[in-house]
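Everything below concerns the one structure shown next.
The values are calculated or read from the model by the stated rules, or taken from the named source; none is laboratory data. Because the structure is predicted, anything quoted here is derived from the model rather than measured. Because the Cβ atoms are built from the backbone with ideal geometry, glycine has one as well, and the counts that use them run over all protein chains shown.
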Amino acid sequence: MERNEIFEVVQQALVDAIGVDEDEVVGEATLLGDLGAESLDLLDVLFRIERKLGFKVTINDITLMITGGIPDEEFGTEEGYISDVGLTQLKKSLPQIDVDSLRGKFEAERVLTLFTVDNLVSLVETRKGEMASVNN
Amino acid sequence: MLRQEKEKWHLLTTKLDIRTGVDLQSVAKMEKKILSNQLRLDSIFTLRELAYAEGKRRKAEYLAARFAAKEAFLKALGIGMGKGVELSEIGIKNDALSGKPSLELQGNALEFANRLGVVSMDVSLSHSEDYAIAHVVLLLDQERK
């Protein structure tokens, strides 16, 4: 399955679950911000993807992808902003982000709001690859 | 010292902290998602919650309120969704006589609460045709952390 096919699955799931128009679901759109998804919508989207592709992608997977498993106390500073360790991780996990623009002013607890449609497609693509290697 | 006096003395000398969390959910959205049959309800709600709501005319209201309680609890813990706690590990049970709701935890949800030093917790739910709201209060013993 090619990336553009995964994009179409993700796009349809977002359209059906959130009720947005297809042309709003572009790669750089953030799920929680631009598309206005709430937590219940996000669960709905992930369940729809699971039903369509036959494997599970969870909100825990999304968080793990973004933070790389770095503990909260290292990912954020004492003031609650994303730390240098966190910013280095974001450079890898969310490559579209200009991390310098977040330094010292973006709260670590809001990191999920940076997650885009393209990021979700990448996560699904990775999970699909993992599933294929497990089955081989 | 009498047991009651001991408990009172313990409370007076314990460093307590309080955490709250509140969440609001749209009942119409919950209803639409239930009807679409796309939500895996058993991975969100406990069997007790599903049994409580099943067959009731206001099922979407009950489930929206319970979903709000799960979110409110996670907010009170200060972790939000996606931090290893499954929503189905946070449940609401109702007192058989009064109907008063209370939280019942298991798995990672219970572990997080213990790690934080939660010694007491309470939840309040309210819902109408349009919205459901939940408010969770956690009492923390800082010495148990």
>> Of the conditions (1) in a loop (DSSP other than H, G, I, E, B); (2) closer than 17 Å to B:Ser102 by Cβ, B:Arg48 satisfies every one except a single condition; which number is it?
In response: (1)
> Just a yes or no: is a residue in the stretch A:68-83 within 12 Å of another protein chain (Cβ to nearest Cβ), crowded, with 20+ Cβ neighbours inside 10 Å and within 30 Å of B:Leu35 (Cα to Cα)?
Replying inline: no
>> Yes or no: the stretch A:18-35 includes at least one residue that is facing chain B (nearest Cβ under 8 Å), crowded, with 17+ Cβ neighbours inside 10 Å and more than 13 Å from the chain's Cα centre (by Cα).
In response: no
>> Can you report the number of residues in the stretch A:83-124 which are within 29 Å of A:Ile18 (Cα to Cα), of a type in the set (A, V, I, L, M) and free of Cβ contacts under 8 Å to residues at least 40 places away in the same chain?
In response: 6
> So which residues in the stretch A:51-60 are in a helix (DSSP H, G or I) and either more than 8 Å from chain B (Cβ to nearest Cβ) or among the small types (Gly, Ala, Ser) (or both), if there are any at all?
Replying inline: A:Lys52, A:Leu53
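Quick grid of which residues meet (1) part of a loop (DSSP other than H, G, I, E, B); (2) of a type in the set (Phe, Trp, Tyr); (3) at positive phi; (4) under 14 Å from the mean Cα position of the chain (by Cα):
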{"site": "A:Thr88", "(1), (2), (3), (4)": "no, no, no, no"}
{"site": "A:Lys92", "(1), (2), (3), (4)": "no, no, no, yes"}
{"site": "A:Asp100", "(1), (2), (3), (4)": "no, no, no, no"}
{"site": "A:Arg103", "(1), (2), (3), (4)": "yes, no, no, no"}
{"site": "A:Thr113", "(1), (2), (3), (4)": "no, no, no, yes"}
{"site": "A:Val124", "(1), (2), (3), (4)": "no, no, no, yes"}
{"site": "A:Arg127", "(1), (2), (3), (4)": "no, no, no, yes"}
{"site": "A:Glu130", "(1), (2), (3), (4)": "no, no, no, no"}
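Residues in the stretch B:35-74 that are among the basic types (Lys, Arg), more than 10 Å from every other protein chain (Cβ to nearest Cβ) and out of contact with any Lys or Arg (no Cβ under 8 Å at 6 or more places or on another chain): how many?
Number satisfying all stated conditions: 5.
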> If the Cβ limit is 8 Å and pairs must be 6+ apart or interchain, which residue in the stretch A:1-23 that is of a type in the set (Asp, Glu) pairs with which residue that is at pLDDT below 95?
Replying inline: A:Asp16/B:Ser36; A:Asp16/B:Gln38
